[in-house]
Amino acid sequence: MKITFCCSDTKAGPWLTGLRAALPGAQVEVWQAGAAPAEHAVVWAPPQQFFDEQPQLKGIFNIGAGVDALLKLRLPPQATVVRLDDAGMSVQMAEYVCHAVIRHFREFDAYEADARAGLWSFRKPRVRADFSVGVMGLGVLGQRVARALRQFEFPVLGWSRSSKDIEGVRSFAGAAQFHDFLAVSKVLVNLLPLTPDTRDILRFDTLSKLPPGAYVINVARGAHLVEQDLIALIASGHLAGATLDVFRSEPLPLEHPFWQHPKITITPHTSARTLRDESIAQIAGKMMALERGEPVAGVVDRGRGY
Ligand code: NDP
Ligand code: OXD
């Protein structure tokens, strides 16, 4: 079996070593223009030329959960596209989102500022029952996040295409229930895939449906959020602030207002990193299952876009 590896911004050496160890007998090489045809590809942000030269591929394994960038390319129509299915990302996402929710709920940012100013002052405790956290996207990552938030006894709501039955999580589904979901989400967490249906979904009219003083956490994709609308709604006082891990342009340009905004906390697309060893084990297992003609989890539905 021949495997070609084409991942921008990723050191190939350890991936090749890991894939070779996990798939003894397979020939694993870094793709170069003009390379011989392979059966399977392991990719992140490959150029169009890669697929133009490898039209015979059977399996395309994306070393990330989101496939929005991949699906913009012309892919071999017969190839099965497989994304990472957790592979150690969901626990990281749960940590990140719980940290952001709790930091906001307990006003730890204000306490940090007080401490730096030499102030010993208390704030009135906020009422947990008033802090419903709405999770957009109840897939692999969203469900883990929703369950983790329940451990802290926040009221948790979720919104997805199809309705879900998750203990302790109130499910809203589809466009028909979107506004009802927003109206009761005091904290909004975005974990949707980026598709034509979800691009710009966090914009003035939708964010305006959140209760006054709501807080936004975007950990999915920058293009879900219309950034100037967020700034306008914080300035008007309708939103309390935001924690953002993803941006329309990454790295975030130095002149961007988010860098210095006092009510916006940013991180550099790091909420859930691809973990190499977990990813290699998952990809190798799925490649062998595909070779045996068995079903695998995380197959992308190209029509749906995720
Ligand atoms: P999944 O495919 O497992 O889940 C997607 C969820 O979104 C599903 O619940 C799906 O509904 C729901 N959904 C999709 N389209 C719509 C829609 N139009 N309306 C309502 N709900 C919709 O994805 P993951 O949980 O694995 O990952 C989610 C995203 O997180 C990734 O696509 C990626 O962009 C982002 N991500 C960000 C990272 C970071 O470091 N910042 C790291 C990893 C991922 P249904 O269940 O009904 O199909
Ligand atoms: C992913 C990401 O989609 O890192 O996995 O954003």
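The values are calculated or read from the model by the stated rules, or taken from the named source; none is laboratory data. Owing to the predicted nature of the structure, the values given are computational and were not obtained by experimental measurement. Virtual Cβ from ideal backbone geometry, glycine too; neighbours counted across all protein chains shown. The accessibility values were calculated without ligands, DNA or RNA, using every heavy atom of the protein model including side chains. Shrake-Rupley method; radii C 1.70, N 1.55, O 1.52, S 1.80 Å.
The residues 259, 159, sorted by heavy-atom accessible surface at 1.4 Å with ligands and nucleic acids left out, run 259, 159 from largest to smallest. Taking 28 Å as the limit for the C-alpha separation, the pairs 11/263; 164/209; 2/164; 72/263 exceed it in the case of 11/263; 2/164; 72/263. Bridge orientation summary for the stretch 89-266: considering DSSP beta bridges with both residues in this region, about 5 percent are antiparallel.
When 306, 215, 96 are compared by accessible area of protein heavy atoms, the largest-first order is 306, 96, 215, using a 1.4 Å probe.
All C-alpha pair distances within the stretch 89-266, sorted into 5 Å bins from zero, spread as 1, 8, 18, 22, 21, 16, 8, 4, 1, 0, 0 percent across the bins. Taking the inverse of the mean reciprocal distance over all distinct Cα pairs, the Kirkwood hydrodynamic radius of the stretch 18-164 comes to 19.2 Å. How many Å² of accessible area per residue for the stretch 89-266, probe 1.4 Å? Accessible surface, normalised per residue, equals 49 Å².
How much net charge surrounds residue 15 when only other residues with a Cβ under 11 Å from its Cβ are counted (Lys, Arg +1; Asp, Glu -1)?
Result for the local shell: +2.
Diffusion of the stretch 1-88 by Stokes-Einstein, at 37 °C in a medium of 0.692 mPa s and with Rh set to the Kirkwood radius over alpha-carbon pairs, works out to 250 µm²/s.
Compared with the direct C-alpha span, the chain from residue 281 to residue 16 gains 94.1 nm at full extension, assuming 0.36 nm per residue.
For the chain, the equivalent ellipsoid derived from the Cα gyration tensor has semi-axes of 39, 20, 18 Å, listed largest first. Bridges between two residues of the chain, per DSSP, are antiparallel at a rate of about 5%. The HN-Hα couplings worked out from phi for the stretch 97-108 by the Karplus form 6.51 cos²θ - 1.76 cosθ + 1.60 (θ = phi - 60°) are 5, 4, 4, 5, 5, 5, 4, 6, 4, 8, 6, 5 Hz, whole numbers, x standing for Gly and Pro. Rounded to the nearest 0.05, what FRET efficiency do residue 114 and residue 165 give with R0 = 41 Å and r taken as the Cβ-Cβ distance? Could you check? That pair, residue 114 with residue 165, gives E of 0.45.
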